[in-house]
Amino acid sequence: MMRRFWMWARYWCVLVALGMCVDRSCCGPATAAAAEKDARGQTVHFIQAEHTHLTGSSQSGGTAVWAYSGTATWDVIVRPAIYRLFLRVRAGYAADHESGVRGKTAYRVTVDGRPVQLRLVPDTLLYGSDESNWAWIVGDVGKLGQGPHSLVFSAAWHFARWDAFALTADPVYLPPREPPLGRETERDLSLLTGEQTKWFQGFSVWPGEVAANCPPTAQPRIATSVETIALTACRNQHAAAVVNVTNWLESPLLFRVSRDDEQRPPEAVPVLPAAAVTLRHAVPLPAPRKEALADALPRLDDAGLMLLPPGETRQLWVAVETGGLTPGRYSTHLRIQPLNAPGRCTSQRLEVEVQILNVSLPARHPLDVFVCEYDINRPGMKADLSSHYVNWLHNCLIPHPASTNPDFSSLDDAMARELKYPGARSVFFEQWHFRTDDAWQQPAHRASWIAGIRCWARHVHKDRGLGYDAFTLHIYDEVSGGGVDTFLRARELVREADPKVRVTMTVTPQISLDEVQRLDRGVDVWCPHMELYEVNPEVIAFLRKTGKPVVPYYCAENKRYWPAQMYRRWAWKLYEQRTAGLFMWTWLSRDAWQGRSWDGGMVFAGNGGIVPSRRWELMRMGLEDWLLLDLARQAGHGEQVDELVARVLEQPESAATMRDARGALIRLLSCP
């Protein structure tokens, strides 16, 4: 692929000119216009000294480079030919204008490690001042093969300066005596083999999959970098496009990733607003007996820095929130800049094209969405939960029913805080008192327990103003066997305290149909484990037949090791089953950064905030797919919706099938 790096040469610049042998009708110094013409035809290459790779003490001073006993390296791609090398250098100083260029000169150069003898080019001395004292020197390089070649410049004079280099295969070529010298030219990567491209670029930027893990060992099929990625989204949607970045070098690369939209042509589409774009990177974490999982998605820091170990790959996320955007096309450019790479490994520019369709997703979700966050109160929690459609909030602060003077202050504080979250509409109360204290089973204590439960229900309904349809109570979890009768006895106390209080029950994959039928008289909201849809459809059929809300759940069975695609597909299954919601255990659990083999958390604890996981983002994308399915059905496309859902569920691991189905939904909704 051809990469263009056009830049006007400054007054003092470094010039690398590659000219193929051509016949000329006249001989003499090449003009700047001729040099630029050759550059456009890919026969001359220019580079400024400050753009070479400087080592040791060498440093830029103005637009030229002071040697200071250091070196400058330029890696250049050529076609096969016999070449000469020109250097525009500091010739001397006030007392002796030619001291640095007499004889074999004070300048040294090697080409691919082979030294080249240099000599002064007659009539090129140009003296302006002690520091503006220039001349061209030249050396015969000989034959170079097609591909990359390394030119390393040094000097025996501590105060030497490099200003311009020219490498040419034209036997009569002479560079201009003084500026302007032309423009820098494109690097023709098509002249390189795959391995040479890896070495020359240093890193590759290649398309990634939102739903696919990106372990450190991932590598692209070809080394050529992608220059554009695109995504299509609706309004009020959280979308993302991803690329993978592979470091081909044997040393770590420190990148700075930044938006680069300052110079855009007048005809360019509008720039994505800063608030609409979040840059994240996927951090691979240890996974016992499995490849590392790039699951955590922290934001890039304020400097946009990303460290990439040698030979490894990382994934860069470009998250786009479309809530404030009108329909149309937008774009932004990212500059991926290696800060510590050899000079040949230049910045790569990636364009992100975004099309916003004239289809708006609802801001609130019809499903009840519960993630069992317990009573955590962390910075960033409000924004994270509400932006992921969580609307059924957890509260585990019910005082003991036998308390003579129950204190509801903690319960009230948590309830008041979470019900202010955008979209919040109900509370999932959970208490363990029935499970940890069997006093309720003793006749002497029965009345006090009933009175305590009644006091709680009255407080929530009367004092706090929650309707009975805006809260539920969870007293036992995943019962079976003898636990069914224990639950039913406890349930009778709740019913006697307040018959309008709705009680939930989680139903495990191991439960029998008989046990579920017995539970029916005590359950108001069913929460069946998703495995039941596969292993026990009879139980699911019974639950649906009861006419009560069904809110399926997943629990902590090593969820981080399930295919990431599953988290998005889940909402499609829920749509097929017409469930009332979803229940995920849990939002934040333990220290997931350690790569625990048993971890149900959907997010990671950040330093003062929340770090989402790939799974968490995909679950939200699935909920947005659900909204598209619902909109399409409401628009009269029910038959097509059912066909698309069936197709996706028949190919559960196919991201392409799901992508095609979403595209079909958008086309249905976009048609007048």
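All of the numbers you see were taken from the coordinates with simple rules; none came from a lab. Fair warning: this is a prediction, and the values are worked out from it, not measured in the lab. Counting neighbours? That spans all protein chains shown, and the Cβs are built from the backbone with ideal geometry, glycine included.
Please give the calculated 222 nm ellipticity per residue for the chain, where each DSSP H segment of at least 4 residues contributes -39500 (n - 2.57) and the sum is spread over every residue; nearest 500 deg cm²/dmol?
Rounded to the nearest 500, the figure is -7000 deg cm²/dmol.
Compute the distribution of all C-alpha to C-alpha distances in the chain, in bins of 20 Å from 0, and list the percent of pairs in each, rounded to whole numbers.
P(r) over the chain, rounded to whole percents: 16, 37, 24, 15, 8, 1.
How would region 368-613 be classified by its alpha-carbon gyration tensor: rounded, prolate or oblate, with rounded meaning a/c under 1.5 and the a/b versus b/c comparison settling the rest?
Note, shape of region 368-613 comes out oblate.
In nanometres, what is the gap between the two model label sites at ARG177 and ASP514, each 7 Å from Cα along Cα-to-Cβ?
If labels sit at ARG177 and ASP514, their model points lie 10.8 nm apart.
Return a whole-number percent for the relative contact order of region 368-613, with Cα pairs under 8 Å and 6 or more residues apart as the contact set.
The normalised contact order for region 368-613 reaches 18 percent.
Hey, what angle do you get for helix 483-497 against the long axis of the chain, alpha-carbon based, 0 to 90 degrees rounded to 10?
Helix 483-497 sits roughly 70 degrees off the main axis of the chain.
Taking a temperature of 20 °C and a viscosity of 1.002 mPa s, what whole-number D in µm²/s does Stokes-Einstein yield for region 522-672 with Rh from Kirkwood over alpha carbon pairs?
In µm²/s, the coefficient rounds to 128.
Decide, for region 401-521, between rounded, prolate and oblate: order the square roots of the alpha carbon gyration tensor eigenvalues as a ≥ b ≥ c, take rounded if a/c falls under 1.5, and otherwise choose prolate if a/b is larger than b/c, else oblate.
oblate
Among DSSP bridges having both ends in region 368-613, what percentage is antiparallel? Round to the nearest 5.
Of all bridge pairs located within region 368-613, approximately 15 percent are antiparallel.
If you wrap a convex hull around the C-alpha atoms of region 195-360 and split its volume per residue, what is the figure in Å³?
Considering the Cα atoms of region 195-360, their hull volume per residue is 127 Å³.
For a quick check of your reading of the filter: which GluC sites (Glu not before Pro) in region 621-670 sit in a DSSP loop and have no more than 15 other Cβ atoms within 10 Å?
Counting only loop positions with at most 15 other Cβ atoms within 10 Å, the GluC sites (Glu not before Pro) in region 621-670 are GLU653.
Determine Rg/Rh for region 151-259; Rg is computed over alpha-carbon atoms and Rh is the Kirkwood hydrodynamic estimate from the same atoms.
That ratio is 1.12, to two decimals.
What is the count of Lys pairs in the chain whose alpha carbons sit under 20 Å apart, if the two are 8 or more places apart or on different chains?
8
Can you give me the relative contact order of the chain as a percent, contacts being Cα pairs under 8 Å and 6 or more apart?
Computed over the chain, the figure is 11 percent.
What trypsin sites (Lys or Arg not before Pro) in region 205-296 are in a loop by DSSP, with at most 12 other Cβ atoms within 10 Å of the Cβ?
ARG221, ARG289
Can you list which of the GluC sites (Glu not before Pro) found in region 395-488 are DSSP loop residues with at most 16 other C-beta atoms within 10 Å?
GLU478
May I ask you to compute the full-extension gain from ASN377 to GLU250, defined as 0.36 nm times their residue separation minus their alpha-carbon distance, rounded to one decimal in nm?
Separation in residues times 0.36 nm, less the Cα-Cα distance, equals 41.3 nm.
How do CYS214, CYS345, CYS396, CYS671 line up, fewest other C-beta atoms within 10 Å first?
Lowest count first: CYS671, CYS396, CYS345, CYS214.
Specify, per residue and in Å³, the volume enclosed by the convex hull of the alpha carbon atoms belonging to region 324-438.
Convex hull of Cα atoms, per residue: 182 Å³.
For every other residue with a beta carbon closer than 11 angstrom to the beta carbon of TRP440, add +1 if it is Lys or Arg and -1 if Asp or Glu, then tell me the sum.
Value of the local net charge: 0.
Please compute the modelled spin-label separation between GLN441 and ARG495, points set 7 Å along Cα→Cβ, answer in nm with one decimal.
Here the answer is 1.9 nm between the modelled labels.
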